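The values are calculated or read from the model by the stated rules, or taken from the named source; none is laboratory data. The structure displayed is predicted, hence computed values, not measured ones. For neighbour counting, all protein chains shown are included, and Cβ atoms are generated from backbone atoms with ideal geometry for every residue, glycine included. Areas reflect the complete protein model, heavy atoms only, side chains present, ligands, DNA and RNA absent. Shrake-Rupley method; radii C 1.70, N 1.55, O 1.52, S 1.80 Å.
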Amino acid sequence: MTENQDSRKRSKRHYGNYGNKKYKGSRELEVGMQGILMTCNMNERKCTSEAYSLLNEYADELYGPEKFSDVDDGDSDANDSADEDDAEAALKKEVKQIRSSTQKMERRFQALDSGANNVIFIRTQHLDPEKLVHHILQDLHTTKKKKSRVILRMLPVSGTCKAFIEDMEKYMENFLEPWFKTPNQGTFQIVFKARNSSHNKRDEVIKALAELVGKMNPENKVDLTNPEYTIIIEVIKNVCCVSVVRDYMLFRKFNVQEVLKLDKVQNQPQRTEGSPRETEDVKQDGGDGDSKTVPGQEQQEEQALPEKKAEEDHSPGKK
């Protein structure tokens, strides 16, 4: 009785971590995967739902509707009677069914655990994540039509490697060739962010990768204002996610919410000549943000002060 009572009266600690267990293996972000990182604000489930809807909508435009492979069991059904007693044939049939079921599970988009809070990873199959993300942001930037509420940023992941500086340099030597190796060239910038990882320093990673790009072609130049290419480095735990994107600044750092806003040039009100704030607008619209004045303006104002004072002294009302 005492043993049964002890087995029944187990503490809550025995069951406390049951609900917090996470699936290992294919359910987590791993080296060798491609996909898209989605950032959100405290609502990962809603973010995942919006991501599926948004990605499938635009993937159908680029690649057509998703196709599913059906299992063809015609040959096995015809020979069921002959293979009933054959253990080897039965084993082959079972292996075939398992493989076909796993192929069905490999959908075009699959949400995995990224390893960081407020970040989800959508694994992609048989498509180019950079091309898809650029197509989505291009349409949102043109139409200004809001299609998500929770998603903040959408970053493609064209490749992954181990998040150690030696592995990153080795992987980048081949990964960056299509954009920066001679005869290819272009202006670039490097964007680095680490989550749940402290063994990589931002300045060291950026310096090492910038030197690598420079060795590929000396014509590759750094441009932090409006580069042709942006190298995105996202480190999550021990996985480094890499991509090279275009129009990073135009699409507001790939922020889905910010890209819907009007450009500053389009948002400025037009003013006619002679308006009261014309002079003020000229000062504020200086190329570098500093206020500028017309040459000779200060000297004309100083000369006008004595003339005005002399007119007041010779006016009829004064003696």
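Some notes on this structure:
- Options 72, 60: the member that is at pLDDT 70 or above, open to solvent by 50 Å² or more (accessible area, probe 1.4 Å) and among the charged types (D, E, K, R): 60
- Residues located in the stretch 167-177, provided they are in a helix (DSSP H, G or I) and touching a residue at least 24 places away in the same chain (Cβ under 8 Å): 167, 168, 169, 171, 172, 173, 175, 177
- Hey, residue 176 of a type in the set (A, V, I, L, M, F, W, C) and open to solvent by 70 Å² or more (accessible area, probe 1.4 Å) or not: no
- Across the stretch 134-143, the qualifying residues are those that are closer than 24 Å to residue 225 by Cβ and out of contact with any Phe, Trp or Tyr (no Cβ under 7 Å at 6 or more places or on another chain), and the one among them that is surrounded by the most Cβ atoms within 10 Å (Cβ to Cβ) is 140.
- Filter pass, residue 114 being within 17 Å of residue 58 (Cβ to Cβ) and touching a residue at least 40 places away in the same chain (Cβ under 8 Å): no
- Selection count where residues are modelled with pLDDT of 95 or more and open to solvent by less than 70 Å² (accessible area, probe 1.4 Å), scope the stretch 33-43: 7
- Of all residues in the stretch 224-257 being outside any strand (DSSP E or B) and polar (S, T, N, Q), the one that is nearest to residue 39 (Cα to Cα): 257
- Close Cβ contacts (under 7 Å, 6 or more residues apart or on different chains) running from residues in the stretch 27-51 that are farther than 24 Å from residue 134 by Cβ to residues that are among the aromatic types (Phe, Trp, Tyr) are absent.
- Number of residues in the stretch 179-223 that are open to solvent by 40 Å² or more (accessible area, probe 1.4 Å) and in a loop (DSSP other than H, G, I, E, B): the value is 12.
- Looking across the stretch 149-166, just one residue is touching a residue at least 24 places away in the same chain (Cβ under 8 Å), open to solvent by 60 Å² or more (accessible area, probe 1.4 Å) and not in a loop (DSSP other than H, G, I, E, B), and that is 162.
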